[in-house]
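Below: the structure, in structure tokens.
The values are calculated or read from the model by the stated rules, or taken from the named source; none is laboratory data. Predicted model only: the values in this text are computed from it and were never measured. As a convention, Cβ positions derive from the backbone with ideal geometry for all residues, glycine included, and neighbour counts pool all protein chains shown. Protein only, heavy atoms only, side chains kept; ligands, DNA and RNA dropped before computing areas. Shrake-Rupley method; radii C 1.70, N 1.55, O 1.52, S 1.80 Å.
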Amino acid sequence: RISELLVSRSPGNQFNDAVSSDIKLTLTSKDGTCVSMNLHRQILVAHSRFFSVKLSDRWTKHQQELQRSPVPYEVEIADCDDVEVYIETLRLMYCKDLRKKLMREDVSRVLGILKVTPSLLEQFSVSSVLLHYIIKLWGLG
């Protein structure tokens, strides 16, 4: 499933695109699973306070060094509970219609994604998606 998440993308989507990316993110799980992917700083910073902080000062320094060597900036997140959910969360940052995408997922998947990145609630205003799942859970709709 992880390899499917890394290679599948819609036309024009730059998720895990080695050619245009400027960040190499490595996720390591508690059980030792290690996955690297190619991402874009502007997308990460726009959708996540975590990356906004993580890439601020370091990014400027790295850009200065880049002029000498064109290597993507490397970031590592260790001890992930569920690497698959992290990857799915990162993929969602590249999604044009997040609400539509989340509506197609099952409840446990959406809750897992929201647990990894609560900032999605603010960034994409997915309260209607949550309401949809609450109604579904309680059997009201």
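Summary table below
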{"item": "Those aspartates and glutamates that a straight Cα-Cα span of less than 17 Å connects to K96, excepting residues fewer than 8 apart in one chain", "result": "D17, E88, E105, E122"}
{"item": "Aspartates and glutamates whose Cα lies under 13 Å from that of K30, excluding same-chain neighbours fewer than 8 positions away", "result": "D79, D81, D82, E84"}
{"item": "Protection-proxy order for peptides 35-43, 77-85, each taking the mean of Cβ atoms within 10 Å per residue, highest first", "result": "35-43, 77-85"}
{"item": "K24 accessible area, assembled protein chains, probe 1.4 Å, Å²", "result": "80"}
{"item": "Straight-distance crosslink candidates among lysines, where the alpha carbon sits under 18 Å from K100 and sequence neighbours closer than 8 are dropped", "result": "K136"}
